[in-house]
Each structure stands twice: as C-alpha cells, then as structure tokens.
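These notes concern the structure reproduced below.
Rule-based calculations on the coordinates, nothing more; no lab input. These numbers come from a predicted model, not from an experiment. Heads up, the Cβs are rebuilt from the backbone with ideal geometry, glycines too, and the neighbour counts pull from every protein chain shown.
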Amino acid sequence: MRFLVPLIVLLLFPTAAQAAWLPAVALEGPSPDIVSVGNVDLARDGVGAVAYLRKDGGVTHAFVNRMVGGSWRGAERVDPTTGEATEVLAAASEGNRLVVAWVADGHVYANVAPGGTPEPGAFAGPVALGGPDARSIDLDIGINGAAYVTWEQGGDVRAARLQDTTWALVEQPLDVEPGLVAGKGALRPRVAVSAEGYAVVTWGDAPAGATRVWSRRLTGLTLSAVPQVLNLPEHGHADSPDIDIEEDGSFAWVVFRQDINGVSRTLGRRLVGSQFEAPEFIDGGNATSMPKVDINGDGVGVGVTQGAGNEQVIGSWLTKDHFTPPVGLGGPSAFTSKPEVASSDRGDLGVVWRTSDLARARYKDDTATAFGPEATISAPGLGPVADPGVFIGGDRLGDMAVAMVQGTPGNYTLSTAVYDREPGTPFIEETTTYKRQTRPQLRWRPGLELWGAQRFRVLIDGAVAGETSVDTFTPRVPLATGKHTWQVEAVDIRGQVSRSRVRTLRIDATAPTLQVKVSGKRVAGQNLKISVTARDAGGSGLDHITVDYGDKSAKSESRTTRHRYKRGTYRLKVAAVDKAGNVTRKQVRLRIKKS
C-alpha cells in the first residue's frame, strides 16, 4: 500500500510500507495431473518447499517445488518408485536442507537434499522405511538438521530418524499396548523435533471404552520408559493430537480434542521436563474439533481449533507459557474447515483456513495485541479451494507461505499465497563529521531480508539521488558546501519499502582562509615575528595550523611565534586545516642576511 504524504512529514518520520497478504498465484496448472497438496514448510532462513501429489505418466507421484530467495524454483519429482503415491510431506531447515517423506503403495519412503550450499542441491536418493499398509505420515526437522518421520502401520505407531544423510528405524513400536489399535484415523501420530535433534511424539489408541491420547519422548532411537496419557481419564473419547516443541526439548505443547460432558472440546497441555502441566482449554467453551498448534523456539505461538455448529475458527496465542483467552478468528460460515498455523522467531503468528470455496487468513505482528483483519488469499480466478484445504509455513522474520490446490477435479492448479514482511529498516549511523568530498561515499547497514536481494534508493534533500544493490552510494551530482539531509529506502523483490531515519549530511568543500605576516629584521640571530590568521570558511571549523620554518627545526601549531634564523634563504611554509580535511597552504621566501 502506498500513501501520498507531504515531503516534510516523510523527512521527519521514517515510514515503512505495510506488509500484507499477497493473494495466491499459480505455481503449476491448471492441469489434469495435479492431485493434492501435502504441506508447505519454511526453514528459519526463508528457504523451503511445497510438497504435493501429481501424476506423471498417469501415475500419482510425490513432487516438491522449492522456494529460494522468495521465489519458487519449479517442480521436482522426488520418488523414483513405480508405486502410486498417496501422501507426501516436506520439512526444511537452514542452508537448503530439505527432507521429503511419502507413502506409495502402502510403503513409507524418504529422501533428503543435504543442503549446506548457496543453491539447492540434489536429493541423495530414496530410502524405504516401512510398510506394508503404512499411512498417516508426519514429519519434522530440527534446526540442526536431524529429522523424524512417524506413521501408522498395522495398528502400531512407528518412527525413523534422519541424522546427516542416514536414516535409522526405531526398532519397536511407540505405542504402549500391543493388543490395541493405535495411530489410525483421528488417532494418527504427530512428531516435533527439538534443537538437540530429539523428538516428542503424540498419538492416540483405542482401548475398550474411550480412545486416548499419548505422548512419548524419543532420544535418538531410544524410547522413553514412561509414556504418558494426556486426556482427562474421567471423560470421553480423545483424539486429533497435534504437537510443537521449543528449541529446548524439555518444553513442548500438545493440543487435542476430547468429549467432555457430551461436548467436543479442545485442550492444550504443556510438557515441562518429563511431566505435563494441567490442561488449558483453547475453545472458549465452544464445541470444537481439529486443533493445531505451532510455537517458536522460545515457546511463543498459537493454538487454533474449528468450531462445531457455528463453523468458526477459534484461536488463542501463547504468552508467558499460557494460552490467552480464546477469540474468534474466522467465520462463522456455512463451511469452515481445517485451520492451520505458523509462528516466527520474532513471535509473528499466521492462521489460515478454508471457508466454503475460499482460503482465508489472519496475521498477528509480534508487536500487535490482536490479529489483523481477515484476508482472502486464494485467487478466485483459479477456482474453489479443493481438499485437503490450505497449509502454512513461516520463517524466522515472519514471512509466511501458504499452499493450496484450486479448481475442479481434472482441472486443478497448485497455488501459493504469501505474507511477505517488508524489508528490515536500513540503519544510518548518526554523525556530526563533515565530509570534504562533494561526492562522498555514503554507507549504511541493510536491514534483514530473507526473500531475495534488496535494492536501495538514496534520497538526498528529499529527492531520489540514485539506486543501488549494495550498501554504499556515491552521488553523481556534486553537493554544495553546507548541510543536507539523506536517507535510504530498502525495496524488496515485491516492491515493499522500508525507509531509514533521516540523517544530516555535512559537506565542507571550502578551504580555510589564510594570511601570513612576517615582521622584524631579516638578519641572522634576530627574532622574526610570524603571525598567522586563519579562519574556517565552510562550516566544519578550523582544526589546526602548521608552521614549518623551513630550517629543519621543530614545526609549530601556534598562531604567533618568534623564530631566529641563520644566514641563508628559507621557505616558510604555513598550512591551515579545517575539520573536514580541507587545506590552505602559503609560502613566504625569507632571505636572512649576515648580522
């Protein structure tokens, strides 16, 4: 958004373009080959991928489209297997490391692009992890690059760990009672990975009576000895768990749904060390389902759930390790489904969901006390949002990407929307120093920007003096002696602008005035009086004068001195220097006679 503001206001008050949701654009399609989206994930440094299912040669396979520098790179098929893929997920960490897991013909496979290079690298090659009859995969990666994938297989919850480029299976099932069905349907497993590279997994099982929600820690490939039931045992069925973890693996949040007094409610419980704290409700007393949670490394985040009956999105953000009172974030609508959430290292929060044929979103800046307004982020011209709905991922600065499939069967389009934060504000150091160059080199410190290279516009005295892609600029037109104003605008790849503070640029290109007077008899052994009159003429102030007597004696910086010469001819050299470095020099030829 752009506002026309009088120049004097722009000079007095630094401004920044307001970041906003940018509606979806087509990544691929419309095409009969697009099937569905799996998820989208961004690493802290802004790289990531959308994972999706697409037909190739008439068979559905796993694909990704990677984001680098805020731009999508194009379709990549990651499964060379011949089977029919039914699920796919991607997880990204810094340095272009990308992990993909998928299910094909009931078997779990995974692949990794190791990263560590400025550009995305090739995938190492697929690894078979589980099957047959595997389904309901979940995948997460820690900031150190270790990843875990979980899935349900034959009524058990299974897991595997990636370290570097090597996958290893957790040998035994994670669920507790071998005779019970676990991980199926709404009891599907979810995993979160801490900075240490360890995981916490949550899932549900189905004993006689009411279904339960469990949690269990994974340290490397070792299962914790004491898994915990999280639901309230005195109430009814519990399912649909979701989990996220802080950088310190001692702290995590699990949210889940449970029937309480005949009403479907949404609860959250915080893991502290080896125990879970008392539950907190995030549904505002409403009947709800399909909870989701996302937190950053410090535990700031958001939990959401879908209202039942009035079909609205209800959310509550985390502050000081507790959920705030829940508020309505979207709807009510005749059809609202599957809210998804993301958080940034700064504490920015994004919530997306599908309302009827549209994808909707809200964003909370880290400094705001409430979510911003609802925005439609799907592109109406691409058709209705298809199952399974919308997915969101965010980087550490609060940029967020949303992926969805739009259109009708046989004519789907893979589309993505973004919330692109304006570039970080450039910083110009305040200084009172004068520059003597009329075309001085100006320097500043760029603000952070993860999505693409910035451009910089330099304004001098309120007018654009030029543009550059680096953090220095030399004016093309010489500046007059005196005081000027200057500032820098950072412009990102989408044209969003952040403006630095106005600083004063002081130019003094005028040399000092200088007069030298020598009085007395120019006779050997007699004192000559040397008087210097010097004044600054450009504003910076006089710094010093130098008197060189020309006879190899010590120089002086005094305005008035007396000096005795031997017989001979000398050149008296006097220099006046201002604080900008301008110099005026004068010489007086002295012929000293014999006494």
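Backbone N atoms of the stretch 518-545 closer than 14 Å to the 7 Å Cα→Cβ label point of Lys555 belong to residues 543-545. For the pair Asp461 and Thr367, the difference between a 0.36 nm per residue extended length and the Cα-Cα distance amounts to 30.7 nm. Compared with the alpha-carbon gap, the fully stretched path from Val226 to Ser274 is longer by 16.4 nm at 0.36 nm per residue. With R₀ fixed at 56 Å, the C-beta to C-beta distance from Ala128 to Gln441 puts the FRET efficiency at about 0.45. Highest mean first, the peptides 177-185, 150-158 sorted by other C-beta atoms within 10 Å per residue fall in the order 150-158, 177-185. Can you work out the FRET efficiency for the pair Ala480 and His544, with r the C-beta to C-beta distance and R0 = 30 Å, to the nearest 0.05? FRET efficiency, Ala480 to His544: 0.75.
Let me know the shape class of the stretch 421-568, please: from the alpha-carbon gyration tensor, a ≥ b ≥ c as square roots of the eigenvalues, rounded when a/c is under 1.5, otherwise prolate if a/b is greater than b/c, or oblate.
Details: a/c = 4.74, a/b = 3.81, b/c = 1.25.
In terms of gyration-tensor shape, prolate.
Is the stretch 45-132 rounded, prolate or oblate when judged by the Cα gyration tensor, a ≥ b ≥ c being the square roots of its eigenvalues, rounded requiring a/c under 1.5 and prolate requiring a/b larger than b/c? Prolate is the answer for the stretch 45-132, as a/c is 1.5 or above and a/b outweighs b/c. A dipole drawn for the chain from +1 and -1 charges on Cβ atoms has a positive end, and of Thr219, Gln258, Thr472 the residue lying farthest that way is Thr472. Counting only Cβ charges, +1 for Lys and Arg and -1 for Asp and Glu, the dipole size of the stretch 330-434 around its Cα centre is about 500 debye. Residue order for Tyr148, Tyr565, fewest other beta carbons within 10 angstrom first, comes to Tyr565, Tyr148. Counting Lys and Arg as +1 and Asp and Glu as -1 over every other residue whose Cβ lies under 12 Å from the Cβ of Val191, the net charge comes to +2. Working value for the chain: equivalent-ellipsoid semi-axes of 69, 25, 23 Å, each the square root of 5 times a Cα gyration tensor eigenvalue, largest first.
Computed about the Cα centre, the dipole magnitude for the chain is approximately 7500 debye when only Lys and Arg (+1) and Asp and Glu (-1) carry charge, each at its Cβ.
Once the Cα-Cα distance is subtracted from the 0.36 nm per residue extended length, the Arg562 to Ser469 segment shows a gain of 27.8 nm.
Taking the Cα centre of the stretch 57-108 as origin, work out the dipole magnitude from +1 charges on Lys and Arg Cβ and -1 charges on Asp and Glu Cβ, in debye rounded to 20. Before the final figure, lay out the partial values.
Values: 4 positive and 6 negative charges, 55 e Å.
The calculated dipole for the stretch 57-108 is roughly 260 debye.
In order along the stretch 187-196, phi translates into HN-Hα couplings of 8, 4, x, 9, 10, 9, 10, 8, 5, 6 Hz, rounded to whole numbers, per the Karplus curve 6.51 cos²θ - 1.76 cosθ + 1.60 with θ = phi - 60° and x for Gly and Pro.
Using the Kirkwood radius built from alpha carbon pairs, what does the Stokes-Einstein equation give as D for the stretch 513-592 at 10 °C and 1.306 mPa s, in µm² per second? For the chosen part, D equals 122 µm²/s.
Apply the a/c threshold of 1.5 to the C-alpha gyration tensor of the stretch 117-227 and tell me whether it is rounded, prolate or oblate. Taking the square roots of the gyration eigenvalues as a ≥ b ≥ c, the stretch 117-227 is prolate. What FRET efficiency comes out for the pair Thr82/Glu196, r = Cβ-Cβ distance, R0 = 51 Å, nearest 0.05? Taking R0 as 51 Å, the efficiency between Thr82 and Glu196 is 0.85.
Sort Val477, Val193 by Cβ crowding within 10 Å, fewest neighbours at the top.
Val477, Val193
The residue list Gln306, Leu459, Thr150 was ranked by how far each Cα lies along the charge dipole of the chain toward its positive end, using unit charges on Cβ atoms, and Leu459 comes out on top. The residue list Thr288, Gln441, Gln496 was ranked by how far each Cα lies along the charge dipole of the chain toward its positive end, using unit charges on Cβ atoms, and Gln441 comes out on top.
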